[in-house]
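Shown next, in structure tokens, is the structure this report addresses.
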Amino acid sequence: VSSAWGLALIYGQVGVWGLFFSIHRDAPPGRFVEWCLARPSQLCYAFAFWGWVCWGLRLPWVVFGDAQAFEPGLWLFPAFAMALLGTLQTYMSGGEVRRHKVKGLNARVVHLSDLHASAVMHTPEFGRLVRDVNVLRPELVLITGDLVMPFSEKEHGYLVDALSAIDAPVYCCPGNHDLPILKELKLRLEASGVRMLVDERDVLTTATGQLIELTGVNFYWEHARDRLDAVMVRLPDAPVQAFRILLAHDPRLGAWVPHARFDLVLSGHTHGG
């Protein structure tokens, strides 16, 4: 690796780290180093993004042609352009609410997913989200996993505080990013009034009098279908006339649940894909 290329990688990852700092509205001005050292996982993400994207673009030339065909600065430009495009797309699509009429469901339900509490989804962002949700005046709010990520495994009180400020009852299921702190996260959420369903179900009646059965399943990297089958076997029958909803972070599970067991399956994980 040439010294120029190595320096470009270092400066690039520091630049991304600085970007995280600049868009974190709670970051204390003049305390960049202290703030960054408190979040070492962000350096890992910055390096992974900057380093792997740049090396991926450069790899064909290393294998099939002249490894020095382009100067490092030119190779860093596509990564910057993609980051800029992704940022613009996120901001342009932010705040979009998709409305669906579901047959048999006579209640207003808000579905959220992949909140990913982090440097770019912190107190101000959650504050706006809660205000937007409350304006919709839902009778029920359902969240399909990935509430945290490595940025917030140890510090996510702002997430719990925000969700507890939602006016409607809130239920959620775990996502893959929630697994490392699942037990702690479940306890903290339920202490604040947010119910996390982990291979379990609850039955409630909405403000409009509709009976709803809510089932939430855990996320499994391996043998997901077998584990889902085991949960379905021990799941009690749904109450008569109840509208049955399954919360499953992994969208594959929607194709594996027993036929006609649920009226609606809500998932996440693909970030809208």
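The values are calculated or read from the model by the stated rules, or taken from the named source; none is laboratory data. Bear in mind the structure is a predicted one, so any value in this text is a computation, not a measurement. Neighbour counts are summed over all protein chains in view; Cβ atoms, including those assigned to glycine, are modelled from backbone coordinates with ideal geometry. Quick note on the areas: whole protein, heavy atoms, side chains included, nothing else; ligands and nucleic acids left out. Shrake-Rupley method; radii C 1.70, N 1.55, O 1.52, S 1.80 Å.
A simple count of charges around Arg227, restricted to other residues whose Cβ falls under 11 Å of its Cβ and scoring Lys, Arg +1 and Asp, Glu -1, yields -4. Within region 182-273, DSSP assigns beta bridges of which about 45% are antiparallel (rounded to the nearest 5).
Bridging of Lys154 to lysines at a Cα separation below 26 Å is possible for Lys183, Lys186, once same-chain residues fewer than 8 apart are set aside. Taking a ≥ b ≥ c as the square roots of the eigenvalues of the Cα gyration tensor, region 95-236 is oblate, since a/c reaches 1.5 or more and a/b is not larger than b/c.
Taking amide H as placed 1.01 Å from N in the peptide plane, Arg244 has its amide H under 5 Å from the amide H of Glu213, Asp263, Leu264, each at least 5 places away in sequence or on another chain.
Using 0.36 nm per residue, how much length does the chain from Glu153 to Ala260 gain when fully extended, once their Cα-Cα distance is taken away?
Result for the pair: 34.8 nm of gain on full extension.
Quick one: accessible area per residue over region 99-240, 1.4 Å probe, rounded to a whole number of Å²?
Per-residue accessible area for region 99-240 comes out at 49 Å².
Asp263 sits with roughly 70 Å² accessible to a 1.4 Å probe, with DNA, RNA and ligands left out of the calculation. If you sort Trp221, Trp256 by accessible surface, 1.4 Å probe, largest first, the order is Trp221, Trp256.
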